[in-house]
Amino acid sequence: MANFLFSEKFSFAKGDSVVVIGLGRFGGSVAQSLMRLGHDVMGIDRDAAPVHEWADLLTHAVQADSTNQQVLRQLGVADFAHAIVGIGTDLAASLLTIMTLTELGIPDIWVKARTAEHGQIAQRIGAHHVVYPEKEMGERVAHLITGRMIDFIEFDDGFAIAKIHSPVSSHNSTLADGQIREKFGVTVVGLKRASQDFQHATPGTQVLPGDLLIVSGPTHLIQKFAGHST
């Protein structure tokens, strides 16, 4: 199963406990990524098949009705620091689960939403964060196809981090001499050269043809810089 492409959005302290409700493609991928990052993860699904699939891969995997407050309380969900509601097509179950988690006092609730309306309702009834994976995936692919970017992460405030092929205009000069920040309004934070270790960027870092640059800054400025190949 592919890793959840937006797991960078989940900003949890290492070791925090997380309950993931809905072990479909989204929920399962998030749970797997969180386990890899060192979190204790309880996965909950109302169907037996995904629970059996994830039983040996998560800290706990339980078949249960996530809309039932008493059931979740008995499972100890009230003690979890974070909850992720990844229920897919059942809008009612998603919203009822959010309400239940709110009543349990979960301090940090994340929700996968299929539509803007779903997300708006989720926030009104207690969700702290809403993720739109289909929309964000579309935007991510568009950036990768239309630009020179190899990878791209955009945050809620229009700020992004991207891995790009170094533009021709930056070749054979240091970052200071190339004045990338002054000309383009973006910051080169690192560089990867073939067969060499990653290096953090300094004003004296020289950019060569074939180098990969890790760049941060406003999304539209990164797009402009990535397309500046001449």
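Bear in mind that the values in this text are calculations on the coordinates, not laboratory data. Since we're looking at a predicted model, the values are computed, not measured. Counting neighbours? That spans all protein chains shown, and the Cβs are built from the backbone with ideal geometry, glycine included.
Which residues in segment 212-226 place their backbone N less than 19 Å from a point set 7 Å from the Cα of ARG193 along the Cα-to-Cβ direction?
The answer is 212-215.
Picking from GLY22, TRP110, ALA61, whose Cα lies most toward the positive end of the charge dipole for segment 7-132 (charges on Cβ: Lys, Arg +1; Asp, Glu -1)?
Comparing the listed Cα positions along the dipole, TRP110 ranks first.
Rounded to the nearest 20 debye, what is the charge dipole size of segment 147-226 about its Cα centre when +1 sits on each Lys and Arg Cβ and -1 on each Asp and Glu Cβ?
So the magnitude is around 240 debye.
Please get the size of the charge dipole for segment 7-132, origin at its Cα centre, with Cβ charges of +1 on Lys and Arg and -1 on Asp and Glu, quoted in debye to the nearest 20.
260
LYS163: which aspartates and glutamates have alpha carbons under 16 Å from its alpha carbon, excluding same-chain residues fewer than 8 sequence positions away?
GLU8, GLU139, ASP151, GLU154, ASP197, ASP211
Using the Cα centre of segment 169-214 as the reference point, and only Cβ charges (+1 on K/R, -1 on D/E), how large is the resulting charge dipole? Debye, rounded to the nearest 20.
Rounded to the nearest 20 debye, it is 80 debye.
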